[in-house]
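The values are calculated or read from the model by the stated rules, or taken from the named source; none is laboratory data. Computed from a prediction, not measured in an experiment: that's the story for all the values here. Glycine gets a Cβ as well: all are built from the backbone with ideal geometry, and neighbour counts include every protein chain shown.
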Amino acid sequence: MTPGGEVAAANLLPIVEAPVVRRRLPEWFRVRLPVGEALELFNLTRGAVGDNSLHTVCEEARCPNIHDCWGRGTATFMVAGQSCTRGCRFCSVETLRAPELPDVDEPEHLADAVERLKLAYVVVTVVNRDDLADGGAGHYRRCVEAVHRRLPAVGVELLSSDLAGHWAALEALLMGLPLAVFAHNVECVPRLDRTVRDPRASFQQSVEVLRRAKVLRPDLPTKTSLMAGIGETDDEVVEALGRLREADVDLLTMGQYLAPGRTDSRFLPVDRFVPPEQFAAWKATARELGFKGVAAGPLVRSSYRAETLWREAIAGRATG
């Protein structure tokens, strides 16, 4: 207000927000929708997930491969709730400081869904639960054990949180657990930790999770994932791969970051679209460094064709 009680003329001008510029996706991001038998499997998977009140990272993270994977009757189940205690800038999962306690019936619901889908291999991923004393490790373990108890022939891959660096919880989680693969994602190159991830996460801590997991369970292949297109350089990617191999990580996935929502909010904008040729070059480098299984490409996500990578790790161990 002006001293005389009148509204200044400048304040009457409409506020015009700059439009959000959405970068056009390159042609290599085209995906095929399921038809025929694949569509039937897609609907079956969706039904099994919904009927058991389960959450999948396929839906929560808006994965571009959902039609491909669900059309093959596979899904990555997300346990310990649909809200995460961390707020990473690449992820669309809801963030809450104190989510509801994990559903005590969730392990059996998970086993029900895996049985109904007749899966031979299943990926169980989790939300961070910094609100729990053990970081959620006990609930994660109960979920894996429920599947194994019901379906002992099914391979289970656990994509774990970092448990906030609670190493006793990591040991309690892993020792004696019937797993095919233990996975934990570093997400980005070290320089971008503070830009991309929640302040409680770091490349160093994630690598330490993987290193300690290998020490605790040398029989288990370990696995991680890196996103590209968020500001890293090609050299930084190669350096990060080297550090992962120093921790004896066996399996690697690499894919293009895509903003899960409007980038004028908390989500990071895409810095660049990495062409398939560059992913192929990184894959070759990773193989040279000694990774036993590698999936790299624009649409690759951390659980992409997980069973195939696991089989590559087993084959590499047999020949190595």
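Observations, loosely collected:
- Selection from the range 109-140 of residues that are free of Cβ contacts under 8 Å to residues at least 40 places away in the same chain and under 15 Å from Phe77 (Cβ atoms): Glu115
- All positions within the range 78-107 that are among the polar types (S, T, N, Q) and within 21 Å of Val186 (Cβ to Cβ): Thr85, Ser92, Thr95
- Condition broken by Ser302, with the remaining ones in (1) outside any loop (DSSP other than H, G, I, E, B); (2) in contact (Cβ under 8 Å) with a residue 40 or more places away in the chain satisfied: (1)
- Residue identified as of a type in the set (A, V, I, L, M, F, W, C) and within 30 Å of Leu220 (Cα to Cα) among Leu251, Leu268: Leu251
- For the range 71-89, the candidate set comprises residues that are modelled with pLDDT of 85 or more and in a strand (DSSP E or B); within that set, the residue that is surrounded by the most Cβ atoms within 10 Å (Cβ to Cβ) is Phe77.
- Here Asp234 passes the criteria (1) crowded, with 23+ Cβ neighbours inside 10 Å; (2) over 15 Å from the mean Cα position of the chain (by Cα) except the one numbered (1).
- Taking the criterion of being closer than 13 Å to Leu179 by Cβ, among the charged types (D, E, K, R) and surrounded by fewer than 16 Cβ atoms within 10 Å (Cβ to Cβ), no residue of the range 149-159 qualifies.
- Test result for Trp282, in contact with a strand residue (DSSP E or B) (Cβ under 8 Å, 6 or more places away or on another chain), at pLDDT below 95 and of a type outside the set (A, V, I, L, M): no
- Ala146 meets all of the listed conditions (1) buried (at least 18 other Cβ atoms within 10 Å of the Cβ); (2) over 20 Å from the mean Cα position of the chain (by Cα); (3) not in a helix (DSSP H, G or I) but one, namely (3).
- Considered as a group, the residues in the range 114-137 that are outside any loop (DSSP other than H, G, I, E, B) and within 20 Å of the chain's Cα centre (by Cα) include one that is surrounded by the fewest Cβ atoms within 10 Å (Cβ to Cβ), and that residue is Tyr121.
- Among the numbered conditions (1) at pLDDT 95 or above; (2) assigned to a helix (DSSP H, G or I), the only one that Arg317 does not meet is (1).
- If the condition is being within 16 Å of Ser206 (Cα to Cα), assigned to a helix (DSSP H, G or I) and not small (Gly, Ala, Ser), then the range 234-251 contributes Val237, Glu239, Leu241, Arg243, Leu244, Arg245, Glu246.
- Among (1) of a type in the set (Val, Ile, Thr); (2) surrounded by 20 or more Cβ atoms within 10 Å (Cβ to Cβ); (3) out of contact with any Lys or Arg (no Cβ under 8 Å at 6 or more places or on another chain); (4) closer than 24 Å to Arg142 by Cα, the one test that Val181 misses: (3)
- Selection within the range 178-210 - over 15 Å from Asp162 (Cα atoms) and without any contact (Cβ under 8 Å) to a residue 60 or more places away in the chain: Pro178, Leu179, Val189, Pro190, Arg191, Leu192, Arg194
- Top-ranked residue of the range 222-231 - restricted to ones that are of a type in the set (Val, Ile, Thr) and under 15 Å from Leu251 (Cα atoms), ranked as surrounded by the fewest Cβ atoms within 10 Å (Cβ to Cβ): Thr222
- Out of Arg243, Arg272, Arg301, sole residue that is in contact with a Cys (Cβ under 6 Å, 6 or more places away or on another chain) and within 26 Å of Asp198 (Cβ to Cβ): Arg301
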